[in-house]
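A short worksheet on the structure shown next.
The values are calculated or read from the model by the stated rules, or taken from the named source; none is laboratory data. Owing to the predicted nature of the structure, the values given are computational and were not obtained by experimental measurement. Methodologically, a virtual Cβ is constructed for each residue, glycine included, from the backbone with ideal geometry; neighbour enumeration extends over all protein chains shown. Ligands, DNA and RNA are excluded from the accessible area calculation, which covers all protein heavy atoms including side chains. Shrake-Rupley method; radii C 1.70, N 1.55, O 1.52, S 1.80 Å.
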Amino acid sequence: MADIRLEGVGHSYDGGATWALKPMTWTWRSARAYALLGPSGCGKTTLLNIISGLLTPTVGRIWFDDREVTDVPTAGRNIAQVFQFPVLYEEMSVYDNLAFPLRNRRYPKEEIDRRVRQVSELLGLDQVLRRRSRRLDPGRQQIVSLGRGLVRSQVAAVLLDEPLTVVDPALKWTLRSKLKEIHRDTGHTLIYVTHDQTEALTFADEVVVLNDGAIVQAGEPAELFLSPAHEFVGHFIGSPGMNMLPAEIVGDVVRVGQADVGSVAGELPPGPVRIGVRPEFVRISGARTSPGVAARVTGIDRMGAYDLVHAQVSGHPLIAKAEAGSAYAPDTVEFLHFPADRTFLFRDEVRCGSLAPLNGRGQE
């Protein structure tokens, strides 16, 4: 295992006219399980391929502990990589595919057998070890590919590029749990690329959120959900994502339209802001009390365990999460309250402050 340190690393595919990966400095700490989360085209795979040596960065340097590996090819970096689709020797048995990385590095026969059987048991491959890989369905083939990446006990890191894409959805929850179990067993540094927030939040010790070629926030799953530092994080994490409403700071009061919804915690200059509050924390009341804002209900999604109440606030959409079977109805006017400890202020998409109770008046 190794700390993987990026110093000013960036990559351009067109000679610097645009950046697929904007120059960044970042450290992946040894033995941690990371999820690299972001939408398609944000630079996740480019970053992973730079770490693995499949790409040489346009600028910057890469270090594995105290060893610079910027120009070292993949074979010299001692990493394992699992791709989005199966990469196997189809005529080999499952056992031989799993054993191949160990045999290639001249592991003792007993150690090879022990590791293969340990990984196959964890991934549910025990019953197909002697079957040729080409006879497996694509999802099971990808599980074998995953096993090949995890079977080596001494690697600098294991890099996984959306490895569960072709796996049956019913198996994904199980496999994520198995990955965590294998991580506890081996202590590998894992970097798991995904655009699926559920995969990221359920798997990782730390989630690194990438957008437009740059890291916008990194932290534990609860931190990203409860305390987003960037509008993109608030929007991308959560289902549905964080509500964003235009607001104005007047003196030390935060206003949405003509309604006072709170005051500013700390000092911020007057002017436009956006307030962010997750649907889970919006409180709905039929009574017109302050601080709060009137909203017209536009629809209800009955989700079974809860309801999602869609509304318009001064012409802007907002969603509130309510108890299942709620009595809210379209075209009615409700009053919404934004709790101070769960409502944040943003300028230029970056969090700049938070809401506070309004001049001593209580907030629900």
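Using a Gaussian network model of the chain whose springs link C-alpha atoms within less than 10 Å, name the residue from Gly149, Gly38, Gly315 with the highest mean-square fluctuation.
Comparing Gly149, Gly38, Gly315 in a Gaussian network model of the chain, the most mobile one is Gly315.
Each residue of segment 73-81 in turn: what ³J(HN,Hα) in whole Hz from Karplus with 6.51, -1.76, 1.60 and θ = phi - 60°, glycine and Pro shown as x?
x, 3, 4, x, 9, 6, 10, 10, 10
Is there a quick way to get the dipole size of the chain? I mean about its Cα centre, with the Cβ of Lys and Arg at +1 and of Asp and Glu at -1; what is the value in debye to the nearest 20?
For the chain, the charge dipole is close to 1120 debye.
Which length gain, in nm to one decimal place, applies between Ala17 and Val250 when the Cα-Cα distance is subtracted from 0.36 nm times their residue separation?
79.7 nm
Just grab the label-to-label distance for Gln258 and Asp65, each label 7 Å out from Cα along the Cβ direction, in nm (one decimal).
Going by the 7 Å Cα→Cβ label model, 6.8 nm.
Relative contact order for segment 304-364: what is it in percent, counting Cα pairs under 8 Å that are at least 6 residues apart?
Value for segment 304-364: 22 percent.
Size of the dipole of segment 243-356 about the Cα centre, Lys and Arg at +1 and Asp and Glu at -1 on the beta carbon, nothing else charged, in debye to 20?
Result for segment 243-356 is approximately 80 debye, rounded to the nearest 20.
Along segment 12-28, what does the Karplus equation 6.51 cos²θ - 1.76 cosθ + 1.60 (θ = phi - 60°) give for ³J(HN,Hα), rounded to whole Hz, x for Gly and Pro?
Computed from phi, the couplings for segment 12-28 are 10, 8, 10, x, x, 5, 9, 10, 5, 9, 6, x, 9, 10, 7, 10, 9 Hz.
If R0 is 45 Å, what FRET efficiency do you get for Arg347 and Glu220 from their C-beta distance, rounded to 0.05? Provide the component values of the computation, followed by the final result.
Working: r = 25 Å, r/R0 = 0.56.
For R0 = 45 Å, the calculated efficiency reads 0.95.
What are the lysines whose alpha-carbon lies under 30 Å from the alpha-carbon of Lys178, with same-chain residues fewer than 8 places away excluded?
Within reach: Lys44, Lys109.
Could you tell me how far the Cα centroid of segment 120-180 sits from the Cα centroid of segment 221-260, in Å?
Segment 221-260 and segment 120-180 have Cα centres spaced 39 Å from each other.
Treat each spin label as a single point 7 Å out from the Cα along the C-beta direction, and report the Trp173 to Ala327 distance in nm.
About 3.4 nm separates the two model spin labels.
With r defined as the distance between the Cβ atoms of Ala75 and Gln127 and R0 fixed at 30 Å, what FRET efficiency is calculated, to the nearest 0.05?
In this case the efficiency is close to 0.35.
Between segment 306-343 and segment 35-96, what is the separation of their alpha carbon centroids in Å?
Comparing the Cα centres of segment 306-343 and segment 35-96, I get a distance of 45 Å.
Send over a whole-number figure in Å² for the accessible area per residue of the chain, probe 1.4 Å.
Computed with neighbouring chains in place, this is 45 Å² per residue.
Nearest 0.05, what FRET efficiency do Ser40 and Arg302 give at R0 = 41 Å with Cβ-Cβ as r?
0.85
Would you work out which of Tyr89, Gln142, Val273 lies farthest towards the positive end of the dipole of the chain, given +1 charges on the beta-carbon of Lys and Arg and -1 on that of Asp and Glu, about the Cα centre?
My answer, from the dipole projection, is Tyr89.
How large, in percent, is the carbon and sulfur part of the accessible surface of the chain at a probe radius of 1.4 Å? Can you show the working numbers first?
Values: 8010 of 16360 Å².
After summing per-atom areas, the C and S share lands at 49 percent.
Each residue of segment 160-165 in turn: what ³J(HN,Hα) in whole Hz from Karplus with 6.51, -1.76, 1.60 and θ = phi - 60°, glycine and Pro shown as x?
Values, residue by residue: 10, 9, 6, x, 9, 4 Hz.
Using Cα pairs closer than 8 Å and at least 6 residues apart in sequence, work out the relative contact order for the chain, in percent.
15
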